[in-house]
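Asker: Mind having a look at this structure? Questions to follow.
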Amino acid sequence: MQSVFEPTSVAEAAEALRAAERIEIGRTLVTARLDRILEHEPGDLTCIVEAGLRLSALNARLAEHGQMLALDPPGDPTIGACLAGDLSGPRRHRYGAMRDLVIGVTVVLADGTIASSGGKVVKNVAGYDLGKLFSGSRGRLGLIARVALRLHPRPAASATVVVETDDLRAAWGEIHRSQLTPSAVDVLPPERIALLFEGAQAAVDRQVETCLGARHPDRSVWDESAARQANRRPVQFAWQPCLLGRPGVGLAWVEDEAPEPPWPLLAERVRAAFDPEGVFT
């Protein structure tokens, strides 16, 4: 028998995990109601959000202040799923992956312990960096509850250029050695490279003129890029990421039916240290 619990706070999630050790039935812990923006400091370009918040909802709120979380994975994952999978997209070329945008995290461990590290400013170095540790952990070390994020200003202008070539390696090498500074890059086999330029209008125009490619007036090429990325990912996080408990099995991050990539031996040793009872599987 399964019971479903949707915590609305970190404390409720911690109590649910503590109770999981005492009950004999499985418990599904759904993070969908942990979807608030807790703090936003526009002047510092930082915010603190709960893990169940969707990326699209966060960026819609940040757009009101001319800011964004510079992350573009396919679909519309939650912030918790972005960190658990260390998700990214073509913007990784300039801004990095999710692990590069996290400055603090609050997690709930298997025994209900609430642990936090980092802070609300980009250069904070206090404590062990749990954000990096939980990045790509796929939910096996604990429940990601809150995340402090580094933000970026929304660009005033943008333009997409697609370079067609019969030698992708040589073309990318030439672009990489040039003075061009694209915000996003993706290789679209067999013969295209998509580049996104962002910034002030004059700067964008100069880079487009320098780049020998065809300018695209719409974002259709990035829709194609997202579709290709989604198809080649070995694991996709569910639309409503949650923790699934079954008697004698424990808790696991719910994903689709695609096989998981191998779990490295070192990562398994870390998981065993965090969760010796095997609550998170």
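Asker: Take Ala156 and Ser3, extend 7 Å from each Cα along the Cα→Cβ direction, and tell me the distance between the two endpoints in nm.
Answerer: Computed distance between label sites Ala156 and Ser3 equals 5.8 nm.
Asker: Under the Karplus relation 6.51 cos²θ - 1.76 cosθ + 1.60, θ = phi - 60°, what is the ordered set of whole-Hz ³J(HN,Hα) values for the stretch 47-59, x standing for Gly and Pro?
Answerer: Whole-Hz 3J(HN,Hα) from phi for the stretch 47-59: 8, 10, 10, 7, 5, x, 6, 6, 4, 5, 5, 5, 5.
Asker: Now, a different point. Would you mind calculating the gained length between Arg206 and Arg94 on full extension (0.36 nm times residue separation, minus the Cα-Cα distance), in nm to one decimal? Working shown, then result.
Answerer: Details: separation 112, 0.36 × 112 = 40.32 nm, distance 1.83 nm.
Here the segment from Arg206 to Arg94 would lengthen by 38.5 nm.
Asker: Label point 7 Å out from Glu41 along Cα-to-Cβ: which residues of the stretch 88-116 have amide N under 19 Å?
Answerer: Correct set: 100-106, 116.
Asker: Ok, one more. For Arg154, enumerate residues with amide H under 5 Å from its amide H, sequence gap 5+ or separate chain, H modeled in the peptide plane.
Answerer: Answer set, sorted by chain and number: Gln67, Met68.
Asker: Given the C-alpha atoms of the stretch 1-102, compute the convex hull and give its volume per residue in Å³. The partial results should precede the final answer.
Answerer: Details: hull volume 11.4 nm³, N = 102.
Output value, Cα hull per residue: 111 Å³.
Asker: Which FRET efficiency value, to the nearest 0.05, is calculated for Thr113 and Glu224 with the Förster distance at 51 angstrom and r the Cβ-Cβ distance?
Answerer: In this case the efficiency is close to 0.70.
Asker: Averaged per residue, what accessible surface does the stretch 32-187 expose to a 1.4 Å probe, in Å²? Intermediate results must be reported in sequence, preceding the final value.
Answerer: Values: 6700 Å² over 156 residues.
Value returned for the stretch 32-187: 43 Å² of accessible area per residue.
The values are calculated or read from the model by the stated rules, or taken from the named source; none is laboratory data. Quick caveat: nothing in here was measured; it's all calculated off a predicted structure. Note that each Cβ is placed from the backbone with ideal geometry, even for glycine, and that neighbours are counted across all protein chains shown. Please note that ligands, DNA and RNA were not included when accessible areas were found on the heavy atoms of the full protein model with its side chains. Shrake-Rupley method; radii C 1.70, N 1.55, O 1.52, S 1.80 Å.
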